[in-house]
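Before any comments, here is the structure.
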Amino acid sequence: YDDRDGKIWMDGALVDWRDANVHVLTHALHYASSVFEGERAYNGKIFLSREHSERLLTSGRLIDMEIPWTVDQIEAAKTQVLKANGFSDAYVRAVAFRGAGEDMGVASSRNPVRMAIAAWEWGAYYGDAKMKGAKLDISRWKRPSPETIPSAAKAAGLYMICTMSKHAAEAKGCSDAMMFDYRGYVAEATGANIFFVKDGEVHTPLADCFLNGLTRQTVIRMLKEKGVAVHERHILPQELEGFEQCWLTGTAAEVTPVGQIGDYTFEVGALTRDIAEQYERHVRS
Ligand code: PMP
């Protein structure tokens, strides 16, 4: 992703894509002092743009890092990036992190907090799984307790086990991995939230130790508006067998049907297809 034409916003100005670099002694690279956002623009407009900018600032505060930009400044920067690159439909990645400077140890209070925003064209996150249903592995890694790490932040440190889980899944021919939490309840995939359907009602894990995704919140609202009962609750592994349908939600994933998790299989049913189509219309409306 580093060698291409285009512009990236970095610390207040647009720079050439190839020049958007940092020093190897960047604090974030060593100690994961970094938070980020994943957003999607549809027809030139970022879906829930302000909410994403606000979440970025909140994630920063949750890891004790004050980002030196306001929501309005971030909004203007994102618009600049889309315009400079001529994108209408694109994935937008904002990242804020502790840079290189006076400190090179665990503490980093004297180093600058830096920020960058890039965008690129990115189609379906799970490729053709979007139609047939993704195949998920079951990860050996558990989502950590909120007493262990600020689990509501979209922070780099939380993704170490996600990358490991996804690599293990891909090595087995799966698109992603489903993770349990530290108590053994169903949690989410490595970069998307999870939903199940049984007897016409929807069940989704309570977001008490992982990111309560903006797509998750949007889909829950859509389901309720359709009159579908939604149960946000703790889900035990043995319940997987009884669920009929399953899908993932996320900015990148949008609504992606799941056909299999480990040995459990699900149908790409009517409600899954309805919600996927409704979400697609909604983000462009
Ligand atoms: N969980 C994780 C771990 C994620 O990385 C994402 C993607 N941001 C989500 C859930 C979904 O969040 P959203 O719908 O806000 O993109």
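The values are calculated or read from the model by the stated rules, or taken from the named source; none is laboratory data. Bear in mind the structure is a predicted one, so any value in this text is a computation, not a measurement. Neighbour counts run over all protein chains shown; Cβ positions are idealised from the backbone, glycine included.
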Residues that are in contact (Cβ under 8 Å) with a residue 12 or more places away in the chain, surrounded by fewer than 16 Cβ atoms within 10 Å (Cβ to Cβ) and either in contact with a Gly (Cβ under 6 Å, 6 or more places away or on another chain) or over 28 Å from PHE47 (Cα atoms) (or both): does region 154-162 have at least one?
no
Counting only residues in region 235-265 that are hydrophobic (A, V, I, L, M, F, W, C) and buried (at least 22 other Cβ atoms within 10 Å of the Cβ), the one nearest to GLY184 (Cα to Cα) is identified as ILE261
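Only one of ALA177, ALA171, ALA189, ALA207 is small (Gly, Ala, Ser), without any contact (Cβ under 8 Å) to a residue 24 or more places away in the chain and either crowded, with 22+ Cβ neighbours inside 10 Å or on the phi < 0 side of the Ramachandran plot (or both); which?
ALA171
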Within region 27-54, how many residues are over 18 Å from the mean Cα position of the chain (by Cα) and farther than 18 Å from GLY86 by Cβ?
5
Counting only residues that are closer than 16 Å to ALA90 by Cα, within 13 Å of the ligand (Cβ to nearest atom) and not small (Gly, Ala, Ser), which one in region 26-79 is surrounded by the fewest Cβ atoms within 10 Å (Cβ to Cβ)?
LEU48
Return the residues of region 192-244 that are within 16 Å of the ligand (Cβ to nearest atom), in a helix (DSSP H, G or I) and either modelled with pLDDT under 95 or not β-branched (Val, Ile, Thr) (or both); say none if nothing qualifies.
LEU214, ARG216, GLN217, ARG221, MET222, LEU223
Among the residues of region 71-93, are any touching a His at 6+ places or on another chain (Cβ under 7 Å), under 19 Å from ALA156 (Cα atoms) and not in a loop (DSSP other than H, G, I, E, B)?
no
So which pairs qualify, if the first residue must be in region 268-279 and within 12 Å of VAL219 (Cα to Cα), the second must be of a type in the set (Asp, Glu), the Cβ gap must be under 7 Å, and the two must be at least 6 apart or on different chains?
TYR279/GLU254
Residues located in region 210-232, provided they are among the basic types (Lys, Arg) and crowded, with 21+ Cβ neighbours inside 10 Å:
ARG216
